[in-house]
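Presented below is the structure to which this report refers.
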Amino acid sequence: MSKSKNNYPDPRGLLEQYGADAFRLYLLSSPVVRAEPLRFSEKGVEQVLKDFVIPLQNVWNFFETYAKVDNRKSSGTEVYFMRHAEKADLEEQQKNIPLSQAGKEYLLSHAFREQIIRVRPKLVIYSPYLRCEQTMEGVKAMLEQYTTGEVEYIEDERLEIGTSNISYLLEELQAK
């Protein structure tokens, strides 16, 4: 494949037609992962879509449909951990940096709305940093507009941006 000869499929068209999951899985199962040459085939991406992605989506849709019919409720505490991709070693003055314009636009996007509606949290724990508070306000507005039920919002100073150790939070939730 050569960029100058344009003898390859358009990546954007490929992603639009088959989706990112099919494309990712095709590349992950290709010889390029083993540092061998790749002979890219659009038919290979299509085959991955047919053999794996569509059946997986069908299984999920089946489960989701019958879980709603049966009024399935979780038997335990469900935790959805949303964090910002920022470094944990921020200096004090950097902790009050607001969301970027791209972050603000994402809070208004269809993808964000679908993500929050699907999760439907009952408890939102956020850090006291400005960008986290702004994200929480976006989550709160989305939940108030599109869902019903009470949601508890807790600001926790022990949460740092970039942390993945939330075991103390889980222990406190289970103790309640």
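What follows draws every value from the coordinates through simple rules; no lab data is involved. Since we're looking at a predicted model, the values are computed, not measured. Cβ placement follows ideal geometry from the backbone for every residue including glycine, while neighbour counts extend to all protein chains displayed.
Structural remarks
- Global geometry of the stretch 5-79, whether rounded, prolate or oblate, following the gyration tensor of its Cα atoms and the 1.5 cut on a/c: prolate
- Contour minus Cα-Cα distance for Y153 and V69 (0.36 nm per residue): 27.3 nm
- ³J(HN,Hα), Karplus 6.51/-1.76/1.60, whole Hz, each residue of the stretch 16-29, x for Gly, Pro: 5, 6, 10, x, 5, 5, 5, 5, 4, 5, 4, 5, 5, 9
- Each residue of the stretch 144-156 is assigned a 3J(HN,Hα), and the resulting list reads 5, 7, 10, 10, 10, x, 7, 10, 9, 10, 10, 8, 10 Hz, derived from the Karplus form 6.51 cos²θ - 1.76 cosθ + 1.60 (θ = phi - 60°), x at Gly and Pro.
- Estimated from the Cβ-Cβ distance and a Förster radius of 30 angstrom, the FRET efficiency linking Y146 and S100 is about 0.80.
- Full extension of the chain between N6 and S109 yields a length gain of 33.7 nm, computed as 0.36 nm times the residue separation minus the alpha carbon distance.
- V124 long-range amide H proximity, modeled H, under 5 Å: E152, Y153, I154
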